[in-house]
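Take a look at the structure set out below.
What follows draws every value from the coordinates through simple rules; no lab data is involved. Note that the coordinates shown come from a computational prediction; the quantities given were computed from them, not determined experimentally. Glycine also receives a Cβ, built like all others from the backbone with ideal geometry; neighbour counts cover every protein chain displayed.
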Ligand SMILES: Cc1cc2nc3c(=O)[nH]c(=O)nc-3n(C[C@H](O)[C@H](O)[C@H](O)COP(=O)(O)OP(=O)(O)OC[C@H]3O[C@@H](n4cnc5c(N)ncnc54)[C@H](O)[C@@H]3O)c2cc1C
């Protein structure tokens, strides 16, 4: 039954460059002409992540295709960021893509009854579900903390 639940994979393409990036933590790109939806700049919140003159561009590509070729994704993303005027890229030091196989749960109409049934049968065995994957929901860091507190109270 759990097999019927739908989700995206996220391929995070980490690119280390010599050059400059925007002075922000992350940016969203709701643009159908781009392969990705968000870029983060980890160096802007952890200065020691790379040597002084290097910056990190962490690009997240979401997809319902769970077996995409990593090399193709990396190639497309690098071409896209090279064209973007928000970056000044002097040199690409390295590119490394990490796949998160199960990333975002998709809220299709069939989701609620499946989740209810699965959680119900686990609860009968005194197994309590929390978190993004346990409850099969959209969930951020603050929700993980709240889930933990609620579970502790109950
Ligand atoms: C693609 C994606 C994007 C996200 N973006 C955001 C965002 O922008 N903002 C936000 O707030 N949240 C975001 N989240 C959610 C956020 O990552 C989670 O809410 C948060 O990481 C949950 O923290 P946690 O410590 O509970 O679990 P995790 O960060 O998952 O840590 C659990 C740890 O336990 C380890 N572990 C598991 N089983 C065992 C075991 N049996 N023995 C030992 N170790 C074990 C795992 O390896 C892992 O290191 C995102 C999640 C995903 C997947």
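Per-structure values
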{"item": "Nearest 10 degrees, 0 to 90: helix 70-83 Cα axis against the chain principal axis", "result": "50 degrees"}
{"item": "Protection proxy ranking of 140-150, 73-83, 6-16 - average other beta-carbon atoms within 10 Å, highest first", "result": "6-16, 73-83, 140-150"}
{"item": "Selected from 98, 114, 127 as most flexible by GNM, with the chain as the system and alpha-carbon contacts under 10 Å", "result": "127"}
{"item": "Alpha carbon convex hull of the stretch 107-153, projected area averaged over orientations, nm²", "result": "3.4 nm²"}
{"item": "Kirkwood Rh and Cα Rg combined as Rg over Rh, evaluated for the chain", "result": "1.07"}
{"item": "C-alpha long axis of helix 141-153 to longest principal axis of the chain, angle in °", "result": "30 degrees"}
{"item": "Residues residue 146 and residue 72, FRET efficiency given R0 of 41 Å [Cβ-Cβ distance, rounded to 0.05]", "result": "0.60"}
{"item": "Ordering of 50-58, 22-30 by packing [mean C-beta count within 10 Å, highest first]", "result": "50-58, 22-30"}
{"item": "Inverse mean reciprocal Cα-Cα distance (Kirkwood Rh) of the stretch 31-82, Å", "result": "12.6 Å"}
{"item": "Additional length obtainable on full extension of the chain from residue 28 to residue 4, 0.36 nm per residue less Cα span", "result": "5.7 nm"}
{"item": "On Cα atoms only, tilt of 111-124 relative to the major axis of the chain in degrees", "result": "60 degrees"}
{"item": "Estimated FRET transfer efficiency (residue 126, residue 44; beta-carbon r; R0 35 Å; 0.05)", "result": "0.20"}
